[in-house]
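The values are calculated or read from the model by the stated rules, or taken from the named source; none is laboratory data. Worth saying up front: this structure is predicted, and the values here are computed from it rather than measured. Neighbour counts run over all protein chains shown; Cβ positions are idealised from the backbone, glycine included.
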Amino acid sequence: EAQVTQNPRYLITVTGKKLTVTCSQNMNHEYMSWYRQDPGLGLRQIYYSMNVEVTDKGDVPEGYKVSRKEKRNFPLILESPSPNQTSLYFCASTGVNSPLHFGNGTRLTVT
Amino acid sequence: GIQVEQSPPDLILQEGANSTLRCNFSDSVNNLQWFHQNPWGQLINLFYIPSGTKQNGRLSATTVATERYSLLYISSSQTTDSGVYFCAATGNQFYFGTGTSLTVIP
């Protein structure tokens, strides 16, 4: 089954404790991206990657890191999480002239 | 970046009614997509529609790229249509509107 898999689904952590949210897709897509969703603000792009070893900042990249060492994986890293990073996060992927597919989301709470 | 505006922000419908959701975008785009976020938070792609009209069951979408807008039509609405509908325009990245929250009441 074609899918984008994110883990974990829920995460509660404390300020400053490094964390990684994993994202994997099995559709051989070149493009992968991360978004955060906050009430009233819709989805905002954090980082995106056009292919392996190619990453670019989206609209809200501060406080986040990504890497794209393999085509299928695109982890999101928070080196020192802060409470304003509490949000619902989505990973997505797409190929050329094809729809954007989302993972099921990760609800992160930073206390 | 590209500005994307959706209207209306909220919509309440009686089951069986029809509705039209609008998405305006500020610049030329490579493509336009519509998504439904269900009450469990999942984002489902409804249409990939850079131009023209597409239909899928009770839903259809039209994008007029030259006039920078897209419309999503929902006919004979059902309670399962409830949720938030987003459009996204693509330049070098994806730009989302803030969504239309739809509630269908029985």
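Here is how the numbers come out for the structure above:
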read-out	value
Any hit, region A:10-30, residues being surrounded by fewer than 21 Cβ atoms within 10 Å (Cβ to Cβ) and at the interface with chain B (Cβ under 10 Å from one of its Cβ atoms)	no
Test: residue in region B:51-66 that is within 14 Å of chain A (Cβ to nearest Cβ), modelled with pLDDT of 95 or more, at negative phi and loosely packed, with under 13 Cβ neighbours inside 10 Å	yes
Residues (outside any strand (DSSP E or B) and under 8 Å from the mean Cα position of the chain (by Cα)) located in region A:72-94	A:PHE74, A:PRO75
Odd one out for A:LEU88, checked against (1) among the hydrophobic types (A, V, I, L, M, F, W, C); (2) surrounded by 15 or more Cβ atoms within 10 Å (Cβ to Cβ); (3) more than 11 Å from chain B (Cβ to nearest Cβ)	(3)
Test: A:GLY63 is within 11 Å of chain B (Cβ to nearest Cβ), out of contact with any Leu (no Cβ under 6 Å at 6 or more places or on another chain) and either hydrophobic (A, V, I, L, M, F, W, C) or not in a strand (DSSP E or B) (or both)	no
Matching option when the condition is without any contact (Cβ under 8 Å) to a residue 60 or more places away in the chain and farther than 22 Å from A:LEU41 by Cβ, among B:GLN42, B:GLN55	B:GLN55
